[in-house]
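To start, the structure itself, in structure tokens.
The values are calculated or read from the model by the stated rules, or taken from the named source; none is laboratory data. This is a predicted model, so every value here is computed, not measured. Note that each Cβ is placed from the backbone with ideal geometry, even for glycine, and that neighbours are counted across all protein chains shown.
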């Protein structure tokens, strides 16, 4: 009995001494080296089936060595821990438990349409604006210990959703999907003006709409488009007549960027009041239209009549030129109203050999009626009264192919020139003259509104018969008038010259 007790006591003392020796040895001389077969630079891999956010993935999972835990296994001040772990080491420990799952590697293997990280993650600020959705980065956190433990238990199929420790991020992801859907529509409309709408707009979770983030910054951005949306005024030539402004040439309004209205348009679009967005401009009128006086638009030259008179006739200055000028001075700036019939006699109001302005009437005034007749002819206006000369006038041989395009005038008995303004716009008569190459060129222009549709006139079917001499014959020509490509009238003009 005493021997048995001795042997048991000796065995216990020996075991205790060994454990104590091992404890001293392990904790003194091998503190940097694990007490079992462990490599701190190797990885473990396992193929698993993963479900995450409703999608199924087949991935390879990587485990990262946890070196500190391995180094401390079997060591420490807790004798019971050292004994238990020492017994485990003697039995050959499972080194897999000293590896932790590499969450980043696992997530990257899923090829998700977003990133996971804690930098620039999605947030809702104090004004209930959703921030950083455009980065597609979410602060998803997982219970790595449980995930590692379950995988160590040889589970090869698991749902990552169950390991999320902050599932509230899933709600942010759903909000960001709404944001992205709205952003696609907004960006499609605004990309021509903003290189990045997120730099100028906030997404409100209250209204589920985008709003202007910084009004000053947005105004400055639109101001950059100022040159692109600005055009200078093209001023017309004009003349003030009897307190009214006659516009005599084409003009163009200018325009400039209206930043404030453009901002308002953007706000209307973002709030859903309007379906689209456009840059707003305001019109700038030519100065002539801002004089506070009645304005008549005669910027459209619809026709002109031309004649020429030689400056020297039979070796002397051609005195008839002045009488041609007098008649044309009287019709200069005369307006023929829509539906009105023009009468040369009515306009010049001859009395006692003088016009209404006191100009003398004499030979050469027929140049006035001929020049006006040619303008009315080329304008396609209905000629209601016209007389040819009994004598063929040499100076009328230009510019037509036959010297028969003339119109006579006489005070008593009355020989008049009449035609009708059958358009919807007033017509202004303007007289101009130039001298060159031995001739005075008289020009009568018919001017009307910019919206007046010009007519196309063809003078054709020129004929001459009973030609007894170069100045004794009968002749005629036809006129065909077209408007917008459609024939609207056809008439004939006859002349008979006896000398």
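Miscellaneous remarks
- Taking the criterion of being surrounded by 12 or more Cβ atoms within 10 Å (Cβ to Cβ) and in contact with a strand residue (DSSP E or B) (Cβ under 8 Å, 6 or more places away or on another chain), the residues of region 258-279 that qualify are 258, 261, 263, 266, 267, 270, 271, 279.
- Against the numbered list (1) surrounded by 18 or more Cβ atoms within 10 Å (Cβ to Cβ); (2) touching a strand residue (DSSP E or B) at 6+ places or on another chain (Cβ under 8 Å), residue 304 comes up short only at (1).
- Inside region 91-111, residues that are at pLDDT below 85 and outside any helix (DSSP H, G or I) make up a count of 8.
- Condition check for residue 463: surrounded by 12 or more Cβ atoms within 10 Å (Cβ to Cβ), over 14 Å from residue 379 (Cα atoms) and free of Cβ contacts under 8 Å to residues at least 60 places away in the same chain: yes
- Residue 282 vs. criteria surrounded by fewer than 17 Cβ atoms within 10 Å (Cβ to Cβ), modelled with pLDDT under 95 and in a strand (DSSP E or B): yes
- Matching residues, region 305-324, being in a strand (DSSP E or B) and more than 60 Å from the chain's Cα centre (by Cα): 312, 313, 316, 317
- Those strands (runs of 3 or more DSSP E) lying entirely in region 153-232 with at least 1 residues surrounded by fewer than 17 Cβ atoms within 10 Å (Cβ to Cβ), more than 29 Å from the chain's Cα centre (by Cα) and not assigned by TED's automatic domain parsing to the domain that holds residue 284: 157-159
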